[in-house]
Every structure is written in structure tokens, then in C-alpha cells.
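Working notes, structure below.
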Amino acid sequence: MGRTARWTLGLAAFALAVRLAVLVLTLAAAPVGADEVAALHDGTEYLQRAAAVGSPAAASRVWPQARRLSPGYPLLIYAASWLLPPPAAALALSMLAAATATALVYRLGASPWAAALFAVLTPSWVAFSSTAMSEGPFLAVALLGLVAWRRGRGVAAGLLFGAASLVRPVGLVLFCALWLHGRWGRSGDDGEAVEQASLRSLAACALAPAAWTAWGMVFGAGARTSAAIYLRFDLAPPLSSVVSALAAPWADPLKLLQNLFVLALTGAAAWLLWRRRCDPAAAAEERRRASGWLVWLLSQAAFYLLLPSAWVWECLGRFLVTGLPAVAVAADLAPLRRQRAVRAWLLAAFTVVSVAIGVYWNLRALGEL
């Protein structure tokens with residue numbers, strides 16, 4: 001086994017071990033089973049949606065609000081339920097997807113240290129990929145799409161990003177941002193062939209969302225139903241929740257600290273990527289990749305910050321998980337490359353803090369605190 005393969009497997013194992021630690025510590029501290037942990041947050045609704053696949057009786061029992069959720073993760077739970085009970089399948093998918101995403105961040109150019117840091121970078125990322133939530137599956141599929149994109153397989157990339165958009169709709173925003181970025185940078189004699197391939201990739205990305213929309217028009221509970229439920233439950237002017245929270249910073253100081261930390265990470269990463277993009281001393285390939293990651297990060301931050309939802313501030317840490325691969329890549333651009341002791345302490349600190357907060361959130365949600 002080569003060095004790259006060993007790092008890939010080792011990083012995936014590290015990410016998985018961290019999430020298993022959150023689960024085991026939660027179960028050790030609370031008189032509950034894994035089923036109760038799987039039901040935390042949106043887990044019950046995802047499990048309801050998964051049970052409704054192919055079962056009209058189960059579909060009739062789905063909570064109205066649960067119909068807002070995209071179908072990608074429930075479909076994965078349904079498929080995995082052929083091997084495991086649904087709650088266990090949901091937890092396994094979430095954790096294994098986070099491990100896969102960590103390995104893919106490394107294979108996409110991050111150093112082993114930066115990829116390991118990505119695995120534990122924020123408490124929201126660790127906590128929500130240790131329960132039955134969609135952050136892990138989304139990032140795993142989206143990063144696979146980026147791998148295909150980097151290898152010039154535009155149609156495969158489009159299909160994968162389209163599939164990611166069924167897990168979290170922001171996948172469509174992400175692909176469109178990368179697609180436009182790719183068009184701006186094109187040149188050469190093969191422009192017509194490249195343009196055709198580019199249009200094919202865009203059409204491939206639209207297939208899955210179009211199928212979901214068509215399904216909803218015929219059978220209900222599709223994209224239109226999901227959007228209508230979101231608009232009915234939490235419609236608010238863009239940035240209104242952010243402005244309200246900043247106007248009353250002492251109303252929830254811990255939430256303020258968490259969100260300011262995530263925003264600071266995002267801003268610092270954007271600055272580091274921009275600096276590398278504009279560095280004339282850097283190789284052209286390095287500048288191009290930094291530009292692509294900057295587009296990834298800014299598309300996610302802009303989408304979620306400007307979302308017309310009353311939940312933006314409350315869920316900002318979880319929303320911006322989708323930008324963390326770019327933050328991890330940017331960490332390699334910080335002046336820490338030769339400071340091994342500092343990097344080791346940073347990784348250990350992020351691991352301990354993220355696991356501790358993840359367990360705390362679980363226990364609080366279970367009513368044990």
C-alpha cells in the first residue's frame with residue numbers, strides 16, 4: 001500500500017473515530033440507546049421520510065413539516081436499511097460520509113494535517129455528522145463531484161452535484177458557481193468542444209432536481225412542496241436574523257461566540273485563498289485551484305447569509321459546514337507549515353473541544369442537562 005493510500009485510509013479512520021467517540025460518550029452519559037441519538041435534531045423527520053419510500057401507509061404518517069426535507073438522505077437511509085435497522089443506517093451513513101469527505105479533502109490537495117483539521121474543524125460539523133443529519137452525505141457527494149470535475153469528467157461531475165442537490169439544495173448553487181468560474185477561465189483552440197462538454201455537464205446537473213420537481217408535480221411532496229413549507233414556516237428578509245442577533249449580543253452570548261468564530265474562519269480562509277489566487281510567484285495551477293476553492297467558499301457563505309429565513313443566525317454554524325473543505329485547504333496557506341508542534345496542538349485542541357461540545361449538545365437535546 002502506497003503512502004497516499006495509507007494517509008487516505010488513516011484520515012478516514014480518524015474522522016470516523018472522532019464521531020464514534022461522540023456517540024459512545026453520549027450513550028455512556030445518558031440512559032438512552034442509539035435509536036434516541038438518531039432521532040435528535042432533524043433525525044426523526046429524516047427517518048420518517050425514509051420509511052415513507054415505497055410505503056403509502058408510512059407516507060400518510062409523515063409530519064407535514066418533514067415534507068420540507070430534500071429526498072437524498074432519506075433515500076440513502078432507505079437503501080442502507082436493507083442491511084441495518086433504519087436508525088443505525090442513518091447514523092452509519094452520516095459518520096461514514098464524514099470520513100469519506102475527510103479522505104476526499106486530502107485527495108483534492110490538502111495536506112494530511114489540514115485534512116485531519118477539516119475532520120474536527122467546528123463543533124457543528126462534528127456534532128451533526130455524529131447524528132442522523134445530512135451534512136456528511138452532502139459533502140461526500142459534492143466532493144466526489146469536484147474530483148470528477150478536476151479530472152475533466154464534466155457529465156459525471158454534473159450528475160454528482162445534481163445528486164448532492166437532492167441531499168441539500170445548495171449543491172445546485174455550488175455547481176453553478178464552479179461552472180461559471182470554469183467558463184470565465186477558458187481559452188484555447190478547442191473552445192467549441194469544451195463549450196459543448198460544459199453545457200452537457202450543466203444539463204446533467206439539472207437532471208436530478210428536474211426529476212424531483214416533476215415527481216412533486218405528479219405525486220406531491222416534491223421541490224415545490226418543500227419550498228412552500230420553508231416559506232410558510234420561516235420566511236424573513238435576508239440578514240434580518242443576523243442584524244437582530246448582533247443588535248442584542250447578550251441575548252445568547254454562546255451562540256454569538258460560535259457564529260463569530262465560524263465567520264472569522266470563513267473570512268480568514270477567503271483572505272488566504274484570495275492572496276494565493278493573486279500571488280504572481282505561485283504556480284498557475286496553484287492560483288487556479290485557490291480560485292476554485294474561493295468560489296466554493298464564497299458561494300456557500302453568500303447563499304446562507306442571504307437566505308430569506310428567520311433561522312440563519314440560529315443555524316449559521318451548521319449551514320457553513322458546507323464551506324469547510326475550502327477552509328481546510330486555506331489552512332495550508334497559513335504560516336504554519338513548518339511549525340509542527342503548533343499544528344499538533346491546534347489539531348488536538350479542535351478535536352477535544354469539538355467532541356466535548358458535540359456530546360454536550362447531544363445531552364442537552366436529550367434532556368439530560
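You will find that of Phe233, Phe261, the residue that is modelled with pLDDT under 90, assigned to a helix (DSSP H, G or I) and exposed (fewer than 14 other Cβ atoms within 10 Å of the Cβ) is Phe233 and no other.
Residues in the range 4-54 that are surrounded by 15 or more Cβ atoms within 10 Å (Cβ to Cβ), farther than 17 Å from Ala365 by Cα and among the polar types (S, T, N, Q): Thr8, Gln48.
List pairs: first in the range 11-37 and within 17 Å of Phe118 (Cα to Cα), second outside any helix (DSSP H, G or I) and among the β-branched types (Val, Ile, Thr), Cβ under 6 Å, 6+ apart or cross-chain? From residues that are within 17 Å of Phe118 (Cα to Cα), the pairs are Val18/Val120.
Would you call Leu75 part of a loop (DSSP other than H, G, I, E, B), modelled with pLDDT under 95 and within 24 Å of Cys315 (Cβ to Cβ)?
Against the criterion (part of a loop (DSSP other than H, G, I, E, B), modelled with pLDDT under 95 and within 24 Å of Cys315 (Cβ to Cβ)), Leu75 does not qualify.
Taking first residues from the range 344-369 that are surrounded by fewer than 20 Cβ atoms within 10 Å (Cβ to Cβ) and partners that are in a helix (DSSP H, G or I) and polar (S, T, N, Q), the Cβ contacts under 7 Å between residues at least 6 apart in sequence or on separate chains come to Leu363/Thr26.
Counting only residues that are closer than 14 Å to Val327 by Cβ and assigned to a loop (DSSP other than H, G, I, E, B), the range 110-153 holds 5 of them. Within the range 238-252, restricting attention to residues that are in a helix (DSSP H, G or I) and of a type in the set (A, V, I, L, M), the residue that is nearest to Phe303 (Cα to Cα) is Val242. Taken together, Gly162, Gly154, Gly136 contain a single residue that is touching a helix residue (DSSP H, G or I) at 6+ places or on another chain (Cβ under 8 Å) and over 28 Å from Leu40 (Cα atoms), which is Gly154. I'd like the residue in the range 282-338 that is among the aromatic types (Phe, Trp, Tyr) and assigned to a loop (DSSP other than H, G, I, E, B) and, out of all such residues, is surrounded by the most Cβ atoms within 10 Å (Cβ to Cβ). Within the range 282-338, the match that is surrounded by the most Cβ atoms within 10 Å (Cβ to Cβ) is Trp313.
Somewhere in the range 42-51, is a residue within 16 Å of Tyr73 (Cβ to Cβ) and either of a type in the set (Asp, Glu) or in a loop (DSSP other than H, G, I, E, B) (or both)?
Yes: one or more hits.
Do we find that Thr351 is at pLDDT 95 or above, out of contact with any Gly (no Cβ under 9 Å at 6 or more places or on another chain) and of a type in the set (Val, Ile, Thr) in this structure? The answer is yes for Thr351.
The values are calculated or read from the model by the stated rules, or taken from the named source; none is laboratory data. Keep in mind it's a predicted model, so treat the numbers as computed, not measured. Cβ atoms come from the backbone with ideal geometry, glycine included; neighbour counts cover every protein chain shown.
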